[in-house]
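Asks: The structure follows.
The values are calculated or read from the model by the stated rules, or taken from the named source; none is laboratory data. Computed from a predicted model, the values in this text were never measured in an experiment. Cβ atoms come from the backbone with ideal geometry, glycine included; neighbour counts cover every protein chain shown. Only protein heavy atoms, including side chains, enter the accessible area calculation; ligands, DNA and RNA are left aside. Shrake-Rupley method; radii C 1.70, N 1.55, O 1.52, S 1.80 Å.
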Amino acid sequence: MKSARGMVLVSICVLIGCGGESPPPAAPAQATPSAVDAAPSAAPAATAEPTPPPAEPTAEEKKKAEALHALEQDHAKWQEENTAELARWTPELHANAKALADKRYGSGRAAIRAAMAGKHRKPGNADRDKARHPDETLAFLGFKPTLTVLEIDPGEGWYTELLAPALAAQGKLIVTTSDPAGPEDQRSTFYGKRFKAFLDKAPEIYGKVQPLVVDDKAPSLGPDSSVDMVLLMRATHGMINNGTLATWLGAVAKVLKKGGVLGIEQHRAPVGADPLASAKNGYVPEKWLIEQCEAVGFKVVRKSEINANAKDTKDYPEGVWALPPALRLGDKDRAKYVAIGESDRMTLKLVKAN
C-alpha cells in the first residue's frame with residue numbers, strides 16, 4: 001500500500017513541477033507565411049497617359065517635304081540616265097568629239113551645222129531641232145565661231161552641246177551654273193551637280209567650257225565689257241518668278257561689250273497678259289519684256305518668228321510644261337500636246353547701246 005501511495009505522490013509532483021521553477025510558457029506556434037503573404041503589398045498600378053498624336057505638319061512643312069521627295073526622285077532618275085550616258089561614250093565617240101572640237105570653221109552656220117550632226121549629242125536631243133531651229137536662231141543673232149559667248153541658265157545643256165564644239169577652236173564659251181557642292185537638300189545643288197557631270201563626261205569637247213558659279217539673287221558675270229554675246233534661252237520667266245529679272249538684265253548689260261548682242265528666246269504670253277501671273281506658267285508678254293530690257297540700256301534691232309507656234313493656246317493646267325518636251329501631264333491628253341508641239345516663242349536680238 002505504501003509503495004503504491006508513494007508512486008502516486010511522485011506522479012503528482014511530476015505533473016505539478018515539484019521542487020523547481022515553473023517552465024517558461026512555450027512560444028506560440030507561428031504559421032509559415034504563404035508566398036502571397038510574404039510579398040510586400042504592391043502599390044495600385046498607375047493608369048498610363050495616352051500618347052498624344054503627332055502634331056499635324058503645317059502647310060509649309062508639307063510643301064517642303066513634297067519638294068524634297070520630288071528632288072530625291074529626280075536625282076535617282078538622273079543617276080540612272082547618267083549611268084547610261086557614260087556607258088555610251090566609247091573610245092570611238094571620244095575620238096569623234098575631239099575631231100569635231102578641234103576643227104576650225106569659216107562661219108557660224110558651218111560650225112553649228114557640224115555640231116548638230118555630231119554623234120556626241122545626247123540621244124533624243126536632235127529630235128528637238130525641228131522645233132527649236134538652232135541653226136536659224138543662232139544665225140539670226142549673228143553667231144560666229146570666234147566670239148566670246150555667255151550662255152545663261154543652260155538647263156541640261158541642250159544648246160551647250162552645239163555651242164561648245166562650235167567655239168572650242170577659235171572662241172570661248174562661258175556658262176552659268178549653280179554650285180554643285182551646295183546643300184544636298186537644295187534643288188540648285190542638284191542642277192549644278194547635273195551640269196558638272198554633263199561637262200565632265202567628255203573633256204575633249206567640253207573641256208574648254210568655262211563654268212561660272214553664280215548667285216541667282218546677285219549674279220556676277222565677269223569683268224565689265226568682256227563678252228560679245230549673251231544668250232537667254234527660255235530663262236526669263238524664272239527670273240521674273242524669283243523677282244530678279246532687273247538684277248540679271250543689269251548684270252548682262254555690264255558684262256557685254258558696247259554693241260554686244262543679247263539674244264532672247266522666250267515662251268510668249270498673250271498680248272496684254274499680266275507678266276507676274278503668266279510667268280508662273282512659263283510665258284512672258286513680249287512687249288513688256290522688251291521694255292524691261294530697254295530700261296537697262298538695250299535696244300531691239302530685230303525680231304523673228306523662227307520659233308513661233310500658232311497652235312500653242314497657252315492655257316494649260318501645267319502651264320508651258322504640259323507641252324513637249326516636258327509633257328508634265330504624262331499620258332493624260334498626251335496626243336493633244338504632242339500635236340501642238342513646243343511652245344510659241346519670241347526670238348529677239350538686242351544690242352547694248354552704250
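Asks: Would you say residue 86 is open to solvent by 50 Å² or more (accessible area, probe 1.4 Å), within 24 Å of the chain's Cα centre (by Cα) and among the aliphatic types (A, V, I, L, M)?
Replies: The answer is yes for residue 86.
Asks: Just to check your reading of the model, which residue among 287, 299 is out of contact with any helix residue (DSSP H, G or I) (no Cβ under 8 Å at 6 or more places or on another chain) and either of a type in the set (Ser, Thr, Tyr) or under 28 Å from residue 145 (Cα atoms) (or both)?
Replies: The conditions single out 299.
Asks: Could I ask something else about it? Run down 263, 259, 243 and say which single residue is open to solvent by less than 10 Å² (accessible area, probe 1.4 Å) and not in a helix (DSSP H, G or I).
Replies: Checking each option against the conditions leaves just 263.
Asks: Test of understanding: among 252, 301, which residue is under 27 Å from residue 138 (Cβ atoms) and either open to solvent by 30 Å² or more (accessible area, probe 1.4 Å) or part of a strand (DSSP E or B) (or both)?
Replies: So the residue among 252, 301 that is under 27 Å from residue 138 (Cβ atoms) and either open to solvent by 30 Å² or more (accessible area, probe 1.4 Å) or part of a strand (DSSP E or B) (or both) is 301.
Asks: Give the residue, chosen from 44, 53, 57, that is under 28 Å from residue 190 (Cα atoms), at pLDDT below 95, in a loop (DSSP other than H, G, I, E, B) and open to solvent by 40 Å² or more (accessible area, probe 1.4 Å).
Replies: 57
Asks: Does residue 295 qualify as being open to solvent by less than 50 Å² (accessible area, probe 1.4 Å) and either of a type outside the set (D, E, K, R) or free of Cβ contacts under 8 Å to residues at least 24 places away in the same chain (or both)?
Replies: So residue 295 fails the test.
Asks: Looking only at the range 304-320, filter to residues that are in contact (Cβ under 8 Å) with a residue 24 or more places away in the chain and open to solvent by 70 Å² or more (accessible area, probe 1.4 Å); which one of those is nearest to residue 246 (Cα to Cα)?
Replies: Result: 305.
Asks: Output the residue which, of all residues in the range 223-240 that are free of Cβ contacts under 8 Å to residues at least 60 places away in the same chain and under 26 Å from residue 259 (Cβ atoms), is surrounded by the fewest Cβ atoms within 10 Å (Cβ to Cβ).
Replies: Per the criteria, the residue is 223.
Residue by residue, here is whether (1) touching a Pro at 6+ places or on another chain (Cβ under 8 Å); (2) free of Cβ contacts under 8 Å to residues at least 40 places away in the same chain; (3) under 18 Å from residue 265 (Cβ atoms) holds:
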{"position": "153", "(1), (2), (3)": "no, no, yes"}
{"position": "161", "(1), (2), (3)": "no, no, yes"}
{"position": "165", "(1), (2), (3)": "no, no, no"}
{"position": "179", "(1), (2), (3)": "no, yes, no"}
{"position": "189", "(1), (2), (3)": "yes, yes, no"}
{"position": "197", "(1), (2), (3)": "no, no, no"}
{"position": "202", "(1), (2), (3)": "no, no, no"}
{"position": "206", "(1), (2), (3)": "no, no, no"}
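Asks: Shifting gears a bit: Applying the selection to the range 189-217, what residues are among the charged types (D, E, K, R) and open to solvent by less than 40 Å² (accessible area, probe 1.4 Å)?
Replies: 201 - this is the single residue of the range 189-217 that is among the charged types (D, E, K, R) and open to solvent by less than 40 Å² (accessible area, probe 1.4 Å).
Asks: Would it be correct to say that residue 220 is surrounded by fewer than 19 Cβ atoms within 10 Å (Cβ to Cβ), on the phi > 0 side of the Ramachandran plot, in contact (Cβ under 8 Å) with a residue 24 or more places away in the chain and among the small types (Gly, Ala, Ser)?
Replies: no
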